[in-house]
1. With a 10 Å cut-off between alpha carbons and a GNM built on the chain, which of 158, 70, 91 moves the most?
2. Heavy atoms only, 1.4 Å probe, whole protein assembly: order 23, 107 by accessible area, highest first.
3. Take the alpha-carbon positions of the stretch 88-171, form their convex hull, and give its projected area averaged over all directions (one quarter of the hull surface) in nm².
4. Rg to Rh for the stretch 12-143: what is it, with Cα atoms only and Rh by Kirkwood?
5. Give, rounded to the nearest 20 debye, the magnitude of the charge dipole that the chain has about its Cα centre when Lys and Arg contribute +1 at Cβ and Asp and Glu contribute -1 at Cβ.
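The values are calculated or read from the model by the stated rules, or taken from the named source; none is laboratory data. Keep in mind it's a predicted model, so treat the numbers as computed, not measured. Cβ sites come from the backbone with ideal geometry, for glycine too, and all protein chains shown count toward neighbours. Ligands, DNA and RNA are excluded from the accessible area calculation, which covers all protein heavy atoms including side chains. Shrake-Rupley method; radii C 1.70, N 1.55, O 1.52, S 1.80 Å.
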Amino acid sequence: MAAAPRWRERLFALYFLSHIPITALIDLQPLLPAGIPPRALTDLLQQYATAFRDPMMLQPPEWFKAFIYCEAFLQLPFFPIAAYAFLKGGCRWIRTPAIIYSTHVATTLFAILAHILFHDFSKSEHVGPQTLRERLVLLSIYLPYLLIPLLILFTMLCNPHYKHVEKRKRK
């Protein structure tokens, strides 16, 4: 029986481990009342949004806030579980939760990437990407959060290690 390639499981573990502080310290800030996050973290978010022209993180549209709530209440609790499974390696029980996670994230990222590429940011209160180059730079920040979940999905669906179905005993 073929095992999942360890480099892939290590990549997935790193992805989930790194996602915990990013989500808790940066991504959830738009949901919190002003004054709750420490000044250093709000400054970091402001610097990021200015440098990469990402107004969605400073003044998120309602649909984007819905995605942040999903990240807070569905994804964040899953991150340490997934990190554990992929660090340990060979955990077949992670297959279904990983499929659910990766399809959910890929779906949300398609909407976000389309917004980055096609939205008219000229009316935004905060500076957004105006040129194709600026849009592609911002897209490059979000793209790994689409590509890695797609790789997770592909691995869970196609790798024989994760596709293995246990045979049940007949009574």
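1. 158
2. 107, 23
3. If you wrap the Cα atoms of the stretch 88-171 in a convex hull and average its projections, you get 8.3 nm².
4. 0.99
5. 1360 debye
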